[in-house]
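Input: a single structure, listed below in structure tokens.
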Amino acid sequence: MSDDKSSTQKHKVHRRKKAEKKSAFAPRSGRRAERQGRRAAERDQTRLHVPLVDRTPDDIPPPVIVAIVGPPGVGKSTLIKSLVRRYTKQTLNDTRGPVTVVSGKKRRLTFIECNNDLNSMIDIAKVADLVLLMIDGSFGFEMETFEFLNILQVHGFPKVIGILTHLDLIKKSATLRATKKSLKKRFWAEIYQGAKLFYLSGVLNGRYPDSEILNLSRFISVMKFRPLIFRNAHSYLLADRFEDLTPREQIRLSKGKCDRTVTVYGYLRGTNLREGTKVHIPGVGDLGINLITLLGDPCPFPTADSEKRRKLSEKKRLLVHAPMSDVGGVMYDKDAVWVNVPGSFTRGNPDVPQGEGEQMVMDLQGVNETLEHAVTRSQIRLLDSSSKSLSIGPHPSPSRHVLSRARGDGEGQRDNEEDEQEEDPGSASDGDFDDDELSYSEDESAELDITGRSTLRAGHHSADKLTPTREHEGAGIQYAESDSDLGDDGGGGARMHFDSDGGNDIDLQSDTDGRDEEVPKWKSNLLNQASASFKLVRQNKRKDWTTLIYSSSLSPREVVRDEPGTARNEDHKENDQVDDFFTLKATDADADTLDATKEMNPLALHLGKWEGEEALDSIRHLFITGVNDTSVAGSAGEHDGVADDNASDEDEKADSDYDEEFPKGADDSDPRAAILMTKKEALKRKFDEQYDDPESAKQDFYAEAKEAISAQQALNRAEFADVDATTRALVEGYRPGSYVRLELTSVPCEMSEHFDPTRPLVVGGLLPIEEQFGFVQVRIKRHRWHTRTLKTNDPLILSLGWRRFQTVPIYSLDDHSIRMRMLKYTPEHMHCYANFYGPVSAPNTGFCAFNSLEDGAAAFRIAATGVVLDIDRSVNIVKKLKLTGVPYKIFKNTTFVKDMFSSALEVAKFEGANLRTVSGIRGQVKKALPKPDGAFRATFEDKVLMSDLIFLRAWYTIQPRKFYNPVTSLLLSSGSHWTGMRLNGQVRREQGLSAPHQPDSAYKSIERPGRRFNALKVPRKLQAALPYASKPKLMKPQKKATYLQKRAVLLEPEEKKALVVMQQMHALRKDAIMRRREKKQEGAEIRKKRLEKDEHRKSEKKREERKDHMRVAGIKNKRKAEREEGISRKKRKNLHQVIA
């Protein structure tokens, strides 16, 4: 035992003394550690971006738009079907238009397929949040792929995921690896290093493998998206449903050429959409919104009650919203709903199970009567326990409806049931009914006479405990404990009319029942209890000032003085919002009674100073926010005294009413003290940050910006926390994530006739400034892959903002910050400026330009890209202009010039301009001459010649042409292409015409006669006065022979002998040089022959080596191929022997 204990202790001690493991990747060098730390910090900084405000709501965000883009035949439709199958367990037969599915508890996805045309690519690039770029792995990248990537770059560049398909066509594994590597490298070069790339190997049962689709779907479901600047400032909608609401008769009378009224449905994205906002549909034009309707979400999120688990249930996964696609056999078209019945269909065969759509059509076909007759025969009961149904019959007054209920049996049973409902506080027995059970006209002139029990039940609802909400709900109709309490015709009972804040008459029978039986205690004095309850509701009821100011047609006097119109309007609005069950008639006869029952407003006697508009504007900000600032109210009360002393009692009463509604916890100085305390705490924190430890409290720019954005978002949420949905929509517009219905008017008829669900329909909201047109200045650069140079005044198609339009730009350059000089062509590999006429866009908005949008072009179609610099800027673009003239009179330094101007007015405009001759003599324009027209006097720094040309170098201001031609691709059928303004060369080429020949433009040989210049003559007197350095040194050629040339030369005998010797020596030397040169040439020829022989021998040797190498390589390849085919040399030899 002791041995075991000692051994145990030894092991424990040994474990305690065990050295700690060193970090496997810890640097041993200080420099290396510093370098690694610096690299990690740089990597973290490159990951950060400038914080942007995300206007997408967190509670109900709109679906993420996932665009599937790629060339035809690459597998886009198959990928959509596979993803929809993965998320919803449903199979789409035809994918047309957007398809929305629920991918998680907080995310929905909208899949849309992009056609292989530039118009669809541009529209998809403007709205897509995620792009699945499909690439044919067996073929490689295509030109359309690079075009779409360049379009994405100028329109915000959303997230891009690459997907390689058709990899099953590559059989060899080595070739497959090399293909993946090369395509990934090229894809990273276009996107960024490390861009995600997925591989889809093949197709099984019409879908991609489930494991590969599962990986892709998981990655899509967890992606985070950065808000894009342009989309964050605009509201837009991707329409998933389109309907034409134009009356058929109007279309028939106009033969289909009238403007249409259409509706589009979709989820709002971007920022809030306000009423009256102009929208632009790319491919159609600018349109106005006639009506915005908020609809129920067709693809809602799972609620917290229904989804208790972490994983999304299978029931919620089955939800898919694709109105334009064939989902479940039902498909929505622009003017009809189609039910697809595959195969043969027999209506009378009961053995064949029918689907939901087929059964619906069969039920509609089997209807034998109208809806009116069906409602007349229906048995509608007010309560489930009622023995008889309600009957709706005519009333003696044509504008009134009488609701009568027969008396029946089973009083005790109904008493028990209603008592059970009364015990349940959450029951709706006090007037909460379904709209589906009863429906009446909302006409204000209609009045309901309810003949029922004569008194209210006082067991649970006393007059002093009745809440305003319960009073409002029960003010319209009363209920009896049983059918026995309902009189036959209410005979004998007196009626009381009172109005619940709006003048609606409600008939209540008095507490005298007309019977000899003793009245119960709870039924006594019912009239006084109702009156007291009504007064209490009027006193405690708060008014919605925001609704009264913005959502009513009342004047400021009626709103402030609480006149009857205010209460009536408010009551009607509440009735509309709460329930449409009854619409009670408002009569003017009971207005005096209403005024008599309500209390007098204590402030009504001294509100004369609020009659002016300026006084109302000074306090209007209080009602907009809806915040009761007691400090402001207190200060106003201090400065604005009350003139009448008799109003003090009424003021005290009003204050007591206010205290009952909003009880105070302290005196009036508490709000001011709280504000002052908040300021002191802020100053103290600022002092502590500056003097205690400034480095520890200091935050970087990224953290401060994120905190500021979060604080602003919290402030915005708190501002609209207590505002109802209707008022909030009026103030800030409809929020992103809402499913809305937009009604558009004055839509061209071609849009409805040629509507194609495969083409995306984008509705983009326009800012107020974007509705204007003007001159826009941009910075542009011709794309390096575009072959043609862009020329000034040539038409160019721009994709700017939501719009696609054709315009005529003028290119220019900044000439040393002096002038904007026009360029005839765009420069090579550098930016330039461009000015054009078009819709105004915000600065820093990207755009791309095209020469043509037609398909089938072999070259790269994106001509240029750029960004907007300024709008409506007064830029004077100047063009160089040379005016030439000739002198016709010369007076030393003064010259008369003609043929430069055509009138004296032009000369006056150019007085003082600089002139120059071809020879370089400078001059200046002086004054115009009377004759001939356009002639003027000019002075030069030297005397000019009659043969000199005089030119004037000037700058001419030009303006861009006001040409704007929107691209209306959605007004054309799917097969046709939009054609805008064309060049003269294109028109001649299409019509087979040749360019007109102008004789003056033909090239001719120029023959210029030689000019003869006179010699410079310097007078003798001037030559004598000049210094020697300045005197002319030109000597005249000698015309006469000199004396040395004339006389004869006779040699002496010695001189003759020396001359002969010299001539002989020159001859010998010349002969030796010739022999040496010939010998050298012979040696060079011999050396050349030897070199040619060596070169031939070397080439033969290299050819033999190359032949041996290729033979060995061929053998290796052959053996490799044989190994891959699985046949070895031994088997082949055996095979030959067997054959032999």
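The values are calculated or read from the model by the stated rules, or taken from the named source; none is laboratory data. The structure displayed is predicted, hence computed values, not measured ones. As a convention, Cβ positions derive from the backbone with ideal geometry for all residues, glycine included, and neighbour counts pool all protein chains shown. These accessible areas exclude ligands, DNA and RNA; they are computed on the full protein's heavy atoms, side chains included. Shrake-Rupley method; radii C 1.70, N 1.55, O 1.52, S 1.80 Å.
Of the heavy-atom accessible surface of segment 64-232 (probe 1.4 angstrom), what whole percent is carbon and sulfur? Carbon and sulfur atoms account for 53 percent of the accessible area of segment 64-232.
Measure off, as a whole percent, the carbon and sulfur share of the 1.4 Å-probe accessible area of segment 767-875, all protein chains present. Result for segment 767-875: 49 percent of the exposed heavy-atom area is carbon or sulfur. Take each peptide in 790-801, 173-184, 964-975, 1037-1048, count the other Cβ atoms within 10 Å of every residue, and average; sorted highest first, the result is 790-801, 964-975, 173-184, 1037-1048.
Rank by packing, highest mean first: peptides 1074-1083, 282-291, with packing defined as the count of other Cβ atoms within 10 Å averaged across residues.
On the way: 1074-1083: 9.5, 282-291: 18.1.
Descending packing order for the listed peptides: 282-291, 1074-1083.
The orientation-averaged projected area of the convex hull spanned by the Cα atoms of segment 184-259 comes to 11.2 nm². Using the Stokes-Einstein relation with a Kirkwood hydrodynamic radius computed over Cα pairs, the translational diffusion coefficient of segment 767-875 at 10 °C and a viscosity of 1.306 mPa s comes to 111 µm²/s.
How large is the accessible surface per residue of segment 143-221, computed with a 1.4 Å probe and reported in Å² as a whole number?
On a per-residue basis, 52 Å².
The order of TYR837, TYR208 by accessible area, most exposed first and with a 1.4 Å probe, is TYR837, TYR208.
Can you classify segment 149-225 as rounded, prolate or oblate using the Cα gyration tensor, where a ≥ b ≥ c are the square roots of its eigenvalues, rounded means a/c under 1.5, and otherwise it's prolate if a/b beats b/c and oblate if not? The shape class here is oblate.
Heavy-atom accessible area for THR894, with the other protein chains in place and a 1.4 Å probe, reaches approximately 40 Å². Each of the peptides 826-836, 949-959, 702-712 was scored by the mean count of other Cβ atoms within 10 Å over its residues; in descending order, highest first, they stand as 826-836, 949-959, 702-712.
Give the calculated FRET efficiency between LEU169 and ILE818 to the nearest 0.05, with a Förster radius of 56 Å applied to their Cβ-Cβ distance. If you can, show how the numbers build up before the last one.
Numbers: r = 62 Å, r/R0 = 1.10.
Between LEU169 and ILE818 the formula returns 0.35.
Taking the charge dipole of segment 794-896 about its Cα centre, with +1 at Lys and Arg Cβ atoms and -1 at Asp and Glu Cβ atoms, the residue from ILE877, PRO839, ILE810 reaching farthest to the positive side is ILE877. Using a 7 Å offset from Cα along Cα-Cβ at PHE963, what residues in segment 836-867 end up with backbone N under 14 Å from the label point? Inside the label zone: 836-838, 851-852.
Counting pairs of alpha carbon atoms under 8 Å apart in space and at least six apart in sequence, what relative contact order in percent does segment 767-875 give?
It comes to 40 percent, rounded to a whole number.
Subtracting the Cα-Cα distance of SER29 and LYS105 from 0.36 nm times their residue separation leaves 22.4 nm of extension gain. Of the whole protein surface, VAL1112 contributes about 70 Å² of accessible area at a 1.4 Å probe radius. Among the protein heavy atoms, those of ASP724 account for about 50 Å² of accessible surface (1.4 Å probe, every chain in place). With r defined as the distance between the Cβ atoms of LEU364 and ASN984 and R0 fixed at 51 Å, what FRET efficiency is calculated, to the nearest 0.05? With R0 = 51 Å, the Cβ-Cβ based efficiency is 0.25. In nm, to one decimal, how far is the ARG186 label point from the ASP942 one, both placed 7 Å along Cα→Cβ? Computed distance between label sites ARG186 and ASP942 equals 6.5 nm.
Computed over protein heavy atoms with a 1.4 angstrom probe, the accessible surface ordering of ARG937, ARG1123, largest first, is ARG1123, ARG937.
Relative to the Cα centre, the charge distribution of segment 125-240, modelled as +1 at Lys and Arg Cβ and -1 at Asp and Glu Cβ, gives a dipole magnitude of about 560 debye.
Take segment 816-972 with all the other protein chains still there, run a 1.4 Å probe, and you get 56 Å² of accessible area per residue. Computed over protein heavy atoms with a 1.4 angstrom probe, the accessible surface ordering of HIS234, HIS321, largest first, is HIS321, HIS234.
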